[in-house]
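*Asks:* Can you read through this structure? Questions will come right after.
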Amino acid sequence: MRLRTLRGPLRAFTLIELLVVIAIIAILIGLLLPAVQKVREAAARMKCQNNLKQFGLAIHAYNDANNRLPPGGVTIGNWGSDKGSWLVFTLPFMEQDNIFRQIPNMTVTNVDSVGTCPVLPARISYMRCPSDDYNFQATVSNYVGSQGPQCKVYCGYEPFQQYCQPSVSGLGNWGYNAKPSVDMDPGANANELMGVFNRHGTEITFASISDGLSNTIFVGETLAGEHDHIRSVNNWARVNGGNTHIMTTVPINYKTDQIVGCAANPQRSYANWAVAWGFKSRHTGGANFLFGDGSVTFLNQNIDHKTYNQLGCRFDGQPASRP
């Protein structure tokens, strides 16, 4: 005998019930997205820090082999005889010796070695911070060598000029007074350079960093799209490509997001070197920095500016230490 199953009429969702379900799903997605974004940014920040740590190892390895830091940039002869930025000279120590060996005429006067290299410019993953959304097809680097608290007079708008010569501008003794625009001077000696890099390759040794490696900024982040030399040259290998054009006189994360000439908006122009050549990132509240001992520290953008500039200067003799 077969049993019959009694079934009632099937009931469909009403429009109101369906709307309620959709609203609940939307709320859950809205709650989930910030968490996903935080996890993604945490991963990007960790990757960025790891890139800087690799640069720290490369810089130390270069020093071990050459008894000096990598030059910020090298030209032999005229300005166009480009032998590369510090990023070029760290290539063999970043598992990129295959690129370095293809750069021709590295000791020949008045020859553009970078411009005649068949494999440059090149996109290399460790050159980019994943948090910076600027064109990932661009052959640029987010990692820049520090000039420390140098002066840069440009565009007639230099709001941070006081920090490069603090005693002259009435701020008191910060342990240094920088020579204006030393990065433009091919004859600059080590005593004139407050930081550890400049584009003319002034020789800096560990012994000349009298404040101690752990208290001296070597490399930090910047945003490729907010720096005129990086954006326009579009080649991290170039001496004049922007990767040593950075000063601690500019506060961390100062925005220069206006892609216009100085006259149009000197306060925010990416072409105003006096404000555009600063460390910055897409990370919330600050940026990552590589110090001379090889460690990486996230510095808050609200760091005391005296402390920040003394961390940028390698021989101020002051007791400042990183937070």
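*Asks:* Return the total of residues in the stretch 223-267 being surrounded by fewer than 20 Cβ atoms within 10 Å (Cβ to Cβ), within 26 Å of Thr307 (Cα to Cα) and not charged (D, E, K, R).
*Replies:* The total comes to 3.
*Asks:* Also: Since Asp211 meets every condition but one in (1) surrounded by fewer than 18 Cβ atoms within 10 Å (Cβ to Cβ); (2) not in a strand (DSSP E or B), which condition does it not meet?
*Replies:* Condition not satisfied by Asp211: (1).
*Asks:* List the number of the failed condition for Leu290; all other conditions in (1) within 20 Å of Asp211 (Cβ to Cβ); (2) without any contact (Cβ under 8 Å) to a residue 40 or more places away in the chain; (3) of a type in the set (A, V, I, L, M) hold.
*Replies:* Every listed condition holds for Leu290 apart from (2).
*Asks:* Would you tally the residues in the stretch 76-121 being closer than 27 Å to Ile209 by Cβ and touching a Pro at 6+ places or on another chain (Cβ under 8 Å)?
*Replies:* Number satisfying all stated conditions: 4.
*Asks:* When only residues in the stretch 39-73 that are among the hydrophobic types (A, V, I, L, M, F, W, C) and buried (at least 19 other Cβ atoms within 10 Å of the Cβ) count, which is nearest to Thr202 (Cα to Cα)?
*Replies:* Leu69
*Asks:* If you go through the stretch 214-221 one residue at a time, do you hit one that is over 26 Å from Asn191 (Cβ atoms) and among the hydroxyl-bearing types (Ser, Thr, Tyr)?
*Replies:* No, every residue in the stretch 214-221 fails to be over 26 Å from Asn191 (Cβ atoms) and among the hydroxyl-bearing types (Ser, Thr, Tyr).
*Asks:* Take the residues in the stretch 129-151 that are touching a Cys at 6+ places or on another chain (Cβ under 8 Å), part of a loop (DSSP other than H, G, I, E, B) and closer than 25 Å to Leu69 by Cβ; name whichever of them is modelled with the lowest pLDDT.
*Replies:* Only one residue tops the list, namely Gln150.
*Asks:* So Lys83 clears everything in (1) touching a Ser or Thr at 6+ places or on another chain (Cβ under 7 Å); (2) more than 18 Å from Asp228 (Cα to Cα); (3) part of a loop (DSSP other than H, G, I, E, B); (4) touching a residue at least 24 places away in the same chain (Cβ under 8 Å) except one condition, right? Which one?
*Replies:* With respect to (1) touching a Ser or Thr at 6+ places or on another chain (Cβ under 7 Å); (2) more than 18 Å from Asp228 (Cα to Cα); (3) part of a loop (DSSP other than H, G, I, E, B); (4) touching a residue at least 24 places away in the same chain (Cβ under 8 Å), Lys83 is out only on (3).
*Asks:* Looking at the stretch 231-249, which of its residues are more than 14 Å from Met127 (Cβ to Cβ) and among the polar types (S, T, N, Q)?
*Replies:* Ser232, Asn240, Thr244, Thr248, Thr249
*Asks:* Show the residue pairs that are 6+ apart or on different chains and have beta-carbon atoms under 7 Å apart, the first residue being within the stretch 182-199 and surrounded by fewer than 24 Cβ atoms within 10 Å (Cβ to Cβ), the second being outside any loop (DSSP other than H, G, I, E, B) and modelled with pLDDT of 90 or more.
*Replies:* Pairs found: Ala190/Ser208.
*Asks:* Also: Kindly indicate whether Ala237 is small (Gly, Ala, Ser), modelled with pLDDT under 95 and within 19 Å of Thr75 (Cβ to Cβ).
*Replies:* When the stated conditions are applied, Ala237 does not pass them.
*Asks:* Any idea which of (1) part of a loop (DSSP other than H, G, I, E, B); (2) of a type in the set (Val, Ile, Thr); (3) closer than 17 Å to Phe197 by Cβ is the one Ile103 doesn't satisfy?
*Replies:* Exception for Ile103: condition (3).
*Asks:* Among the listed residues Ala276, Ala271, which satisfies the condition of being touching a Cys at 6+ places or on another chain (Cβ under 6 Å) and within 17 Å of Tyr154 (Cβ to Cβ)?
*Replies:* Ala271
*Asks:* When you go through (1) in a helix (DSSP H, G or I); (2) over 30 Å from Arg40 (Cα atoms); (3) touching a residue at least 24 places away in the same chain (Cβ under 8 Å); (4) not basic (Lys, Arg) one by one for Tyr126, which number turns out not to apply?
*Replies:* (2)
*Asks:* Further question: Do the conditions hold for Asn302, that is, is it touching a strand residue (DSSP E or B) at 6+ places or on another chain (Cβ under 9 Å) and either at positive phi or part of a strand (DSSP E or B) (or both)?
*Replies:* When the stated conditions are applied, Asn302 does not pass them.
*Asks:* Take the stretch 216-267 and flag every residue that is of a type in the set (A, V, I, L, M), within 16 Å of Phe279 (Cα to Cα) and in a helix (DSSP H, G or I).
*Replies:* Correct list: Ala224, Ile230.
*Asks:* Residues that are farther than 21 Å from Ile204 by Cα, assigned to a helix (DSSP H, G or I), modelled with pLDDT under 70 and not hydrophobic (A, V, I, L, M, F, W, C): does the stretch 29-36 have at least one?
*Replies:* Checked against the condition, which is being farther than 21 Å from Ile204 by Cα, assigned to a helix (DSSP H, G or I), modelled with pLDDT under 70 and not hydrophobic (A, V, I, L, M, F, W, C), the stretch 29-36 yields at least one hit.
The values are calculated or read from the model by the stated rules, or taken from the named source; none is laboratory data. Note that the structure is predicted; figures quoted are calculated from it, not measured. Heads up, the Cβs are rebuilt from the backbone with ideal geometry, glycines too, and the neighbour counts pull from every protein chain shown.
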